[in-house]
Structure formats: C-alpha cells, structure tokens
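The structure appears below as structure tokens.
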Amino acid sequence: MFNTVPQKTLLAALLAIAGAAGAAEPVAARQAQIDAIVRDISPQRIQAYVDKLVSFGTRHTMSDTVSDTRGIGAARRWIKSEFERCGAGRLQVAFDSHLHPIDRRIARPTEIVNVVATLPGSQAESRERMYVVSGHYDSRNSDDADAVGDAPGANDDASGTAAVIEMACVMSRHKFDATLVFMTVAAEEQGLYGAADFAEKAKQKKLNIAGMFTNDIIGSSYNEAGKRDNTQVRLFAEGIPAVKDMPDHLRMLIGTGGENDTPTRQLARHVKDVGERYVDGFKVTIVNRRDRYLRGGDHAPFLDRGFAALRFTEPAENFNHQHQNIRKEGALQYGDLAEFVDPAYIAQVARVNAASLASLALAPAAPQEVKIRTARLDNNTDLTWQANAEPDLAGYRIVWRDTTAAQWQGSQLVGKVTTVTMPLSKDNVFFGVQAVDKEGNVSPASYPMPQR
C-alpha cells in the first residue's frame, strides 16, 4: 500500500503508464544552481585552454620536464597553477604521482603525474561520496615512443583537459553536498597508467567513488568527410564486465534479466536525463559498450576496480587528426591541430558533464540494499531498501520500464518509507529505486535484487 496518495487513484495512473513509452514526471524541473553552472561554461575560455596546451609543443609522457615552455612538465605545472588561480582556495590542488617502471611504451622509469583538484562536499553525511571527472593531458604523434617531436594533441586530449579545467573553475564557485574531483591524468597514451594508479589507490583506500566520467576526444563536430554533427555526444557505458570468474552478484543480475541495469548503466541513464534537460537541443547518445570497439580510455581502470564509470567522445572521430605527425599529403592536412577543434562543441559536452556532476553531488546517494521480496507469488511487486542517512532526504521514487526499453518510462513518489508494494508485476517490467531530497534532487536508480 502507498501512504502518499489514494490507492485507487494511484493504481489507475500506474496502469495507464505501465508498459507504455512515456516520460517520468519531473521531481524538480530545473535547479537554478545547475542552470547557472551550465550558463557559465565559456567556449572562449575553453579555446584559450586548448591553445595553451598546444603551445607546449609536445606533452608526451616522457617529454621534457624541466623547461617552462615545452613538454609535459611545463604543461602539468601550468594546469596546476590554473586550478589554483581559478579555485581561489576553494579547490584543494595537488600533484598525484608515481614512478612507473620500464614497460611496453615506457622506455625508462618515468614519473607519471596527475593534476588533481578536489572540491570538498559541504554535507557531513555526503562528503565521503565522490564523483570524479577526468581528461588526459598527455599527447603523442604517429610514433608512440617519440618524446621529442611535436604532438599538439588539440583534440586528443587537450579538448577533454580544457573541459575539466573549465568545469573546475566554474563549479568551484558553488557548494555541493558530495565531493567533486577534477583530474587531468598523464600516460593515457602509454597504457592508461595515470588513471590506473589513481583508481588503484582509491580502491586500496576504499574511497566511495560513486561515479567517474572521462572526457577523451570531445573536440570536433566534423567527421573525416567534413560532415558536421554538433547536436550530440556519445556516452559509452559498460554492462556486464568481461570477467573470467563471475561473482555471485553479477550472476544474479544476469539471472534476473538485469544486464542493462549495472551501476554504470544506471549512471548513464542519469546523465542522459539530466544532460538533455539542462542543455537544450543537445543529445546524449548512450552506446552500450565499455568503449569504442576493442579500444580503451581512462574510465577502464575504474571499471576494472568496481567503480561505475563512463566515457564521453565526439560523434565521429577523424583519424587524420589523431595520433598523426603534422604533415600535408597533397591537399590533406594531417595532425591533431588546434584549427580542427570546435570550442563551442566542447562547451556543450562540458555543460552535459557539469550539469550531471552537479545533479549527482546535490542529490542523495542511490539507495542501498534494494530488494524484491519473492516470498509470495502474485501480480504485485514488494520492494524494500535501506534508509538513506542524508538529513535533507524527502523520500523515494520508484521508477520502472518495459523490459525492452532503454530509459525509465514510469515513476511514482512514495514518501519517506523503506517498503512499498507496486501494483505491477515484476515479471513484466524492470524496477529501480531513487532517493529524492527536499529540493527535488534525485539520485540514480538502484536495481533491486531478489530477497528470498
């Protein structure tokens, strides 16, 4: 039974929505704070960041670390100074480094340095929950071992690095319940080593990273044929990980048909919903893969360690401008040059990131220990979950969709309870439970596992 609305009225509404495609009712149509953040993202500043990063000539992981004008050392010192300048004491800025041994793409022991800017959460009950957003600031040309030749890396990945710097500068002027971590990582081109080191340390420290985004190759709205698409961004979201020995929770997820309801896929649904709500005329296209076909990015080390993680990438990569020496062959220009970057497009992707991060960091945590009780056989569904600890919690929302639908189709606020009976059959729909605060911020959904 529901305690919030008359059962007869609710049942009629639920039956009208169940199994039919239709948007769930908004909990909070828009938040003024998130609108302000989205509005403040600047294509002009993003262009300036890209140009500055390109000006270092090469940012190869093994390039010069002493010069103030060329190489990866100059680049990381500039990034750190920019975080410190725009954060004005609100961001906790630090180098996060490790010495990496000789490896397949590391010719000598090399210090790998991430630049990390942390905006601590303001709510005691939420401060330990973290959301990480990254871009990689290293670059390469045709030869992945060439640490001397020019490798401007304007799109791959000054674009993602510029987006992260811009988000940090804008969002540091606001307060959030949970903690935000803005990170530019190194050695992506050598094997994701900067991100892997951070993710491994986070796992060892048992950090509560509730979501991670990486922005890699988000700089161009043109494909190799010159056709423009500045209306969407691809969002790569892994389902069931390809593990040799499947743990019990994954086995049960598959056993209940929840292959599309992993925490990463739930995070992707949240990003699509929030991003498209706040960035008008821009589509978040979820791709149900870990990454592009048999390729990888800095979200992968987080996925490998059990964190929910996503990758943003432009609609169609132009490989003439990626991992190429700067040269001309006839009329065709090769090289990852700043002239091929579209700062207005990067700004749109940054706005989707920023709106999603703000929404996540303002909202309560996703409910834990969500279960479907299976003790009795009937055409209702009994749901139960653990109470959230946030002091501004208003209650919970049940969401559901048809088993063939990608996004949630129906929803119902059920108040500050921890059990509810839905007049819908668990045989026919997928359910999720979300937490909602008093300002209408809503968490990602949690998929219910069976309680026998």
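Of all the listed residues (ASP437, ASP402, ASP427), the sole one being over 16 Å from ILE372 (Cα atoms) and open to solvent by 20 Å² or more (accessible area, probe 1.4 Å) is ASP402.
For region 72-93, enumerate the residues that are in contact with a helix residue (DSSP H, G or I) (Cβ under 9 Å, 6 or more places away or on another chain) and surrounded by 14 or more Cβ atoms within 10 Å (Cβ to Cβ).
Filtering region 72-93 for residues in contact with a helix residue (DSSP H, G or I) (Cβ under 9 Å, 6 or more places away or on another chain) gives 75, 78-79, 82-83, 85-87, 91, 93.
If the condition is that a residue be in contact with a helix residue (DSSP H, G or I) (Cβ under 9 Å, 6 or more places away or on another chain) and surrounded by 14 or more Cβ atoms within 10 Å (Cβ to Cβ), then ALA75, TRP78, ILE79, GLU82, PHE83, CYS86, GLY87, LEU91, VAL93 are the ones that fit.
Here is the figure for region 33-46: residues that are under 10 Å from ALA344 (Cβ atoms) and crowded, with 18+ Cβ neighbours inside 10 Å total 1. ASP336 satisfies every condition listed in (1) closer than 23 Å to THR285 by Cβ; (2) touching a Pro at 6+ places or on another chain (Cβ under 7 Å); (3) not hydrophobic (A, V, I, L, M, F, W, C) except (1). Note on region 163-272: enclosed helices (runs of 4 or more DSSP H) holding 2 or more residues that are within 18 Å of the chain's Cα centre (by Cα), crowded, with 22+ Cβ neighbours inside 10 Å and of a type outside the set (Lys, Arg) are 193-204.
Exactly one residue among ALA344, ALA375 is modelled with pLDDT under 95, small (Gly, Ala, Ser) and surrounded by fewer than 17 Cβ atoms within 10 Å (Cβ to Cβ), and that residue is ALA375.
The combined condition, being modelled with pLDDT of 95 or more, closer than 24 Å to ALA308 by Cα and open to solvent by less than 50 Å² (accessible area, probe 1.4 Å), is not fulfilled by TYR49. Check whether at least one residue in region 376-391 is under 25 Å from the mean Cα position of the chain (by Cα) and within 30 Å of ASP138 (Cβ to Cβ), and report yes or no. Taking every residue of region 376-391 in turn, none turns out to be under 25 Å from the mean Cα position of the chain (by Cα) and within 30 Å of ASP138 (Cβ to Cβ). The single condition among (1) open to solvent by 40 Å² or more (accessible area, probe 1.4 Å); (2) of a type in the set (A, V, I, L, M, F, W, C); (3) within 25 Å of GLU166 (Cα to Cα); (4) part of a loop (DSSP other than H, G, I, E, B) that PHE307 does not satisfy is (1).
From the list GLY226, GLY160, exactly one residue is free of Cβ contacts under 8 Å to residues at least 40 places away in the same chain and within 30 Å of ARG39 (Cα to Cα). Which is it?
Sole residue among the options that is free of Cβ contacts under 8 Å to residues at least 40 places away in the same chain and within 30 Å of ARG39 (Cα to Cα): GLY226.
Taking the criterion of being among the acidic types (Asp, Glu), touching a Gly at 6+ places or on another chain (Cβ under 6 Å) and in contact (Cβ under 8 Å) with a residue 60 or more places away in the chain, would at least one residue in region 391-402 satisfy it? Within region 391-402, one or more residues are among the acidic types (Asp, Glu), touching a Gly at 6+ places or on another chain (Cβ under 6 Å) and in contact (Cβ under 8 Å) with a residue 60 or more places away in the chain.
Remark: pairs (first residue in region 426-441, at positive phi and assigned to a strand (DSSP E or B); second residue modelled with pLDDT under 95 and of a type in the set (Phe, Trp, Tyr); Cβ separation under 8 Å; 6+ apart in sequence or on different chains) are absent. If you go through region 356-390 and keep only what is free of Cβ contacts under 8 Å to residues at least 12 places away in the same chain and of a type in the set (Lys, Arg), you end up with just ARG376. Scanning region 414-438 for residues that are of a type outside the set (Asp, Glu) and within 26 Å of the chain's Cα centre (by Cα) gives PHE430, PHE431, GLY432, VAL433, GLN434, ALA435, VAL436, LYS438.
Residue under question is ASP68, and the condition is that it be in a loop (DSSP other than H, G, I, E, B), in contact with a helix residue (DSSP H, G or I) (Cβ under 8 Å, 6 or more places away or on another chain), modelled with pLDDT under 95 and more than 22 Å from ILE346 (Cα to Cα); does it hold? Write out each step before concluding.
Details: in a loop (DSSP other than H, G, I, E, B): yes; in contact with a helix residue (DSSP H, G or I) (Cβ under 8 Å, 6 or more places away or on another chain): yes; modelled with pLDDT under 95: no; more than 22 Å from ILE346 (Cα to Cα): yes.
When the stated conditions are applied, ASP68 does not pass them.
Only residues that are open to solvent by less than 60 Å² (accessible area, probe 1.4 Å), of a type in the set (A, V, I, L, M, F, W, C) and in a helix (DSSP H, G or I) were counted in region 310-339, giving 1.
Please go through region 280-304 and give me each residue that is open to solvent by 40 Å² or more (accessible area, probe 1.4 Å) and either touching a strand residue (DSSP E or B) at 6+ places or on another chain (Cβ under 7 Å) or part of a loop (DSSP other than H, G, I, E, B) (or both), ordered by number.
First pass over region 280-304, keeping only residues open to solvent by 40 Å² or more (accessible area, probe 1.4 Å): 280-281, 283, 286, 288-290, 293-295, 304.
Across region 280-304, the qualifying residues are ASP280, GLY281, LYS283, ILE286, ASN288, ARG289, ARG290, TYR293, LEU294, ARG295.
State whether the residues of region 102-113 include one that is part of a helix (DSSP H, G or I), under 25 Å from the mean Cα position of the chain (by Cα), more than 24 Å from SER359 (Cβ to Cβ) and touching a residue at least 12 places away in the same chain (Cβ under 8 Å). Steps first, please.
Taking region 102-113 first, the residues part of a helix (DSSP H, G or I) are none.
The answer is no, given that none of the residues of region 102-113 is part of a helix (DSSP H, G or I), under 25 Å from the mean Cα position of the chain (by Cα), more than 24 Å from SER359 (Cβ to Cβ) and touching a residue at least 12 places away in the same chain (Cβ under 8 Å).
The number of residues in region 403-425 that are in contact (Cβ under 8 Å) with a residue 60 or more places away in the chain, closer than 16 Å to PRO450 by Cβ and among the small types (Gly, Ala, Ser) comes to 0.
The values are calculated or read from the model by the stated rules, or taken from the named source; none is laboratory data. Source: prediction; values computed, not measured. Virtual Cβ from ideal backbone geometry, glycine too; neighbours counted across all protein chains shown. In case anyone asks, the SASA skips ligands and DNA or RNA and just uses the protein heavy atoms, side chains included. Shrake-Rupley method; radii C 1.70, N 1.55, O 1.52, S 1.80 Å.
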